[in-house]
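Report on the following structure.
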């Protein structure tokens with residue numbers, strides 16, 4: 001107890017600095033998963049992607065980030081085993097933030113799209129096993145998170161495959177693709193607005209004091225979807241049919257321009273979804289440190305999540321994106337498969353749907369796995385030849401390295417903090 005009382009302010013300051021550093025890494029690396037498909041399909045420029053992400057990443061973190069934060073903060077370590085030594089939890093969470101942030105800095109500098117969820121979960125498990133013993137880890141929760149690393153890309157891939165097939169059947173294989181696009185794209189725009197609004201209203205707003213019933217949320221989400229659709233129809237109206245053969249390449253160019261409008265909406269949805277899910281990786285451990293210090297060493301005690309914690313996380317994500325995000329955006333946007341606006345739309349909406357649903361249920365899935373799975377699903381809809389298997393192999397290898405790298409760095413920093421402040 002005396003260590004917590006003596007160094008409490010120092011611990012909170014360090015947690016804020018390391019939490020911001022970790023959030024910077026999330027922005028620099030993982031934001032490519034939100035923006036890569038939009039930039040890679042040339043629907044938006046990198047500058048436009050940064051502007052969209054600055055707004056919607058922050059809103060996602062602020063409005064819908066609280067649910068997943070609870071899982072990172074309390075779900076992985078068994079708090080009862082730490083009640084006699086609360087300072088060990090503080091050291092561990094500081095070590096996890098610093099380790100994961102450092103690994104993300106290394107990966108981002110090299111343009112590797114690694115999983116920030118892998119990084120922080122691996123770091124927490126690493127220090128727990130090394131410093132506290134195997135029993136300190138809630139392995140059931142870890143296994144659920146690990147299962148999501150398989151389930152989320154498969155689910156996103158399936159949704160992406162179905163979405164792109166529907167685009168092919170309803171639009172590209174019709175007698176007049178341009179007219180079909182004008183008719184069906186507003187429905188896809190409605191889906192984007194409705195899905196993100198629904199999950200956010202149902203699951204994500206309790207920590208800002210807004211409690212809505214399912215029926216109320218449904219009606220508001222439908223209203224938001226209709227507003228977004230109306231805006232999309234207005235923007236779509238500015239796209240004119242290219243001159244040339246009605247059934248030739250000009251026709252498909254015009255259709256892709258309509259999907260370019262749609263990609264603006266899916267980019268916003270994916271940025272929001274990413275912010276809501278991945279802010280937890282930075283602020284979950286930070287919230288745990290603040291909780292222990294403010295409760296005078298009580299581990300697992302009831303403590304409200306301070307509003308500024310999510311703001312700090314959202315701010316760090318934005319700074320990371322602006323300063324370093326372009327490196328990984330280039331890898332994800334052009335490396336896996338050739339993307340057009342219509343393909344990018346299917347992949348992005350599939351990934352956004354999967355991530356927002358996971359965020360609503362409190363399961364911290366990997367956005368990296370989800371988006372790569374969605375892009376794979378869209379690529380498979382066109383056949384295996386459409387995929388760059390060499391780039392995929394490099395991405396998967398970087399995923400495998402991430403978890404042990406986070407764990408080893410975390411163990412090193414854990415014993416460093418233990419030596420500095422005492423055990």
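Computed from the coordinates by the stated procedures, all read-outs in this text should not be read as laboratory data. Predicted model, so just to flag it, every value in this text is computed and none were measured. Positions of Cβ are backbone-derived with ideal geometry, glycine not excepted, and every protein chain shown enters the neighbour counts.
For the reader, a short list of remarks on this structure follows.
- Among 282-288, 147-153, 401-407, the order from most to least packed when residues are scored by Cβ within 10 Å on average: 282-288, 401-407, 147-153
- Peptide ranges 121-133, 17-29 listed from the most packed, as the mean C-beta count within 10 angstrom indicates: 17-29, 121-133
- Distance between the modelled labels on residue 397 and residue 238, one decimal in nanometres: 4.4 nm (7 Å Cα→Cβ projection).
- Going by neighbour counts of Cβ atoms within 10 Å, the residues 257, 382 line up, fewest first, as 382, 257.
- Shown for 268, 16: other C-beta atoms within 10 Å of each C-beta, ranked fewest to most, produce the order 16, 268.
- Value of Rg to Rh for region 118-183 (Rh from inverse mean 1/r over Cα pairs, i.e. Kirkwood): 1.43
- Neighbour counting of Cβ atoms within 10 Å sorts the residues 3, 76, fewest neighbours leading, into 3, 76.
- Residue ranges 387-398, 52-63 sort as 52-63, 387-398 when ordered by packing (mean number of other C-beta atoms within 10 Å per residue, highest first).
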